[in-house]
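Structure record follows, encoded as structure tokens.
The values are calculated or read from the model by the stated rules, or taken from the named source; none is laboratory data. All values derive from a computational prediction rather than experimental measurement. When we count neighbours, we look across all protein chains shown, and the Cβ atoms used for this are built from the backbone with ideal geometry, even at glycine. In case anyone asks, the SASA skips ligands and DNA or RNA and just uses the protein heavy atoms, side chains included. Shrake-Rupley method; radii C 1.70, N 1.55, O 1.52, S 1.80 Å.
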Amino acid sequence: MNLDRRHFLELSALGIVGILADIGCSTQRDRPLDQPYLIAMLGADRVRELGARYRAQTPAERTADALRAAISGNRKPVFGASLDNMIEVDFANGRVAIVDGWVLSLTEARQAALFSLSPA
């Protein structure tokens, strides 16, 4: 096959379209709200404990619906926004919760609380 300039450009464009379609159709944008990264660091049992303690010290956020709403807040969806970004912004703005001696971002604490509501 002779690859001239025209065929090269056509194949390049087709490749770019394929990559963009794959990115656009991807359903996994972020990890689930009730699966915090803290699990990998502390273990599921400890994260459940922290979540239960956060719910105990924050009565307004004891239910799964209240926690999901608090995590989402009034934030409008932004392309590329993620839970990791939310955690970084929480720390940068001093939005933290001290739970059993741990300094957690509010997003992390709420995720742990949501995780504590899921079956073990």
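Within segment 46-61, which residues are open to solvent by 60 Å² or more (accessible area, probe 1.4 Å) and either aromatic (F, W, Y) or touching a residue at least 40 places away in the same chain (Cβ under 8 Å) (or both)?
Within segment 46-61, E49, R53, Q57 qualify.
Taking the residues in segment 79-120 that are surrounded by fewer than 20 Cβ atoms within 10 Å (Cβ to Cβ) and hydroxyl-bearing (S, T, Y) as candidates, determine which candidate is modelled with the highest pLDDT.
So the residue we want is S118.
Quickly run through segment 2-28 and pick out the residues that are assigned to a helix (DSSP H, G or I), open to solvent by 100 Å² or more (accessible area, probe 1.4 Å) and at pLDDT below 70.
Those that are assigned to a helix (DSSP H, G or I), open to solvent by 100 Å² or more (accessible area, probe 1.4 Å) and at pLDDT below 70: F8, I19, L20, D22, C25.
With respect to the numbered conditions (1) more than 19 Å from L117 (Cβ to Cβ); (2) at pLDDT below 75; (3) open to solvent by less than 100 Å² (accessible area, probe 1.4 Å), which one is the sole condition not fulfilled by R31?
All conditions pass for R31, except number (1).
Determine whether segment 56-64 contains at least one residue that is of a type in the set (S, T, N, Q), closer than 18 Å to A120 by Cα and at pLDDT 85 or above.
Taking every residue of segment 56-64 in turn, at least one turns out to be of a type in the set (S, T, N, Q), closer than 18 Å to A120 by Cα and at pLDDT 85 or above.
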